[in-house]
1. How many residues are free of Cβ contacts under 8 Å to residues at least 60 places away in the same chain and either part of a loop (DSSP other than H, G, I, E, B) or surrounded by fewer than 16 Cβ atoms within 10 Å (Cβ to Cβ) (or both) when one looks only at segment 138-154?
2. Run Trp162 past the list (1) without any contact (Cβ under 8 Å) to a residue 24 or more places away in the chain; (2) over 21 Å from Trp58 (Cβ atoms); (3) open to solvent by 30 Å² or more (accessible area, probe 1.4 Å) and report the number of the one that doesn't hold.
3. Ala168 versus (1) in a helix (DSSP H, G or I); (2) in contact (Cβ under 8 Å) with a residue 12 or more places away in the chain; (3) open to solvent by 10 Å² or more (accessible area, probe 1.4 Å): which is the lone unmet condition?
4. Do we find that Ser160 is assigned to a loop (DSSP other than H, G, I, E, B) and either over 25 Å from Thr43 (Cβ atoms) or under 11 Å from the mean Cα position of the chain (by Cα) (or both) in this structure?
5. Considering only residues that are in a loop (DSSP other than H, G, I, E, B) and open to solvent by 30 Å² or more (accessible area, probe 1.4 Å), which ones fall in segment 176-187?
6. Is it fair to say Tyr173 is within 15 Å of the chain's Cα centre (by Cα), in a helix (DSSP H, G or I) and crowded, with 20+ Cβ neighbours inside 10 Å?
7. Ser190 - would you say it is crowded, with 20+ Cβ neighbours inside 10 Å, modelled with pLDDT of 95 or more, in contact with a strand residue (DSSP E or B) (Cβ under 7 Å, 6 or more places away or on another chain) and of a type in the set (S, T, N, Q)?
8. Within segment 20-31, take every residue that is surrounded by 15 or more Cβ atoms within 10 Å (Cβ to Cβ) and touching a Leu at 6+ places or on another chain (Cβ under 8 Å) and give me the one that is nearest to Lys193 (Cα to Cα).
Amino acid sequence: MSAAIGCAAAGVITAPGVAGATPPAIPSAATARSELADLQVATESSMSGYSRDQFPHWIAQSGTCDTRETVLKRDGSGVTTGSDCSPTAGTWYSPYDGVTIAASSGVDIDHVVPLAEAWRSGAASWTTARRQQFANDLTHSQLIAVSASSNRSKGDQDPSTWLPPVSAYRCTYARMWVGSKHAWGLSLQSSEKSALTTLLNGC
């Protein structure tokens with residue numbers, strides 16, 4: 001299967017969308033710079049004991065809607081759902097890579113600060129209940145609907161090794177990253193702080 005056919009099968013349209021996903025509580029660049037200065041710089045912990053099961057998701061949020069479905073409705077355009085809250089129609093613009101997706105199966109809900117990154121940055125010592133809250137955080141800039149391909153390209157990398165392909169979105173991404181880490185009291189490594197400092201100084 002060619003890449004073009006694969007994208008079509010996933011409902012991906014390469015034309016830009018009208019509106020992108022907008023998580024809540026994205027700090028301004030000035031606030032993010034201040035929050036970045038507050039964050040502890042530390043060597044990352046090991047991955048010993050980590051699994052995604054340590055961060056239970058997606059949990060029920062309202063009625064029949066779980067966290068994934070809630071973000072799909074929040075970040076999409078023209079989204080309609082069935083009685084089980086699963087989308088039956090809609091489009092999603094992925095600000096990471098500038099594609100519009102016409103099928104929810106082609107959309108991933110990205111943890112802006114990946115679960116594995118959170119584990120290495122302090123979450124290993126949290127209770128499972130706190131990790132569940134983090135993995136389903138609808139209050140801070142931690143969850144966003146993006147293309148499955150961009151989410152999987154990112155994996156568990158921090159901004160020193162991965163940034164959204166759309167360079168115009170990188171300032172927003174840095175602000176979201178810092179906002180989430182600050183809200184949850186997570187540490188960062190020196191290379192991560194250097195990358196974020198550069199990004200935020202260019203905002």
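The values are calculated or read from the model by the stated rules, or taken from the named source; none is laboratory data. Treat the numbers as computed from the prediction; the structure is a model and nothing was measured. We place every Cβ from the backbone using ideal geometry, glycine too, and count neighbours over all the protein chains shown. The area values use the complete protein model at the heavy-atom level, side chains included, leaving out ligands, DNA and RNA. Shrake-Rupley method; radii C 1.70, N 1.55, O 1.52, S 1.80 Å.
1. 2
2. (3)
3. (2)
4. Working: assigned to a loop (DSSP other than H, G, I, E, B): yes; either over 25 Å from Thr43 (Cβ atoms) or under 11 Å from the mean Cα position of the chain (by Cα) (or both): no.
In short, no.
5. Residues of segment 176-187 in a loop (DSSP other than H, G, I, E, B): 185-187.
Once the filter is applied, which keeps residues that are in a loop (DSSP other than H, G, I, E, B) and open to solvent by 30 Å² or more (accessible area, probe 1.4 Å), segment 176-187 yields only Gly185.
6. Values: within 15 Å of the chain's Cα centre (by Cα): yes; in a helix (DSSP H, G or I): yes; crowded, with 20+ Cβ neighbours inside 10 Å: yes.
It is true that Tyr173 is within 15 Å of the chain's Cα centre (by Cα), in a helix (DSSP H, G or I) and crowded, with 20+ Cβ neighbours inside 10 Å.
7. Numbers: crowded, with 20+ Cβ neighbours inside 10 Å: no; modelled with pLDDT of 95 or more: yes; in contact with a strand residue (DSSP E or B) (Cβ under 7 Å, 6 or more places away or on another chain): yes; of a type in the set (S, T, N, Q): yes.
Answer is no for this residue.
8. Only one residue fits best here, namely Ala29.
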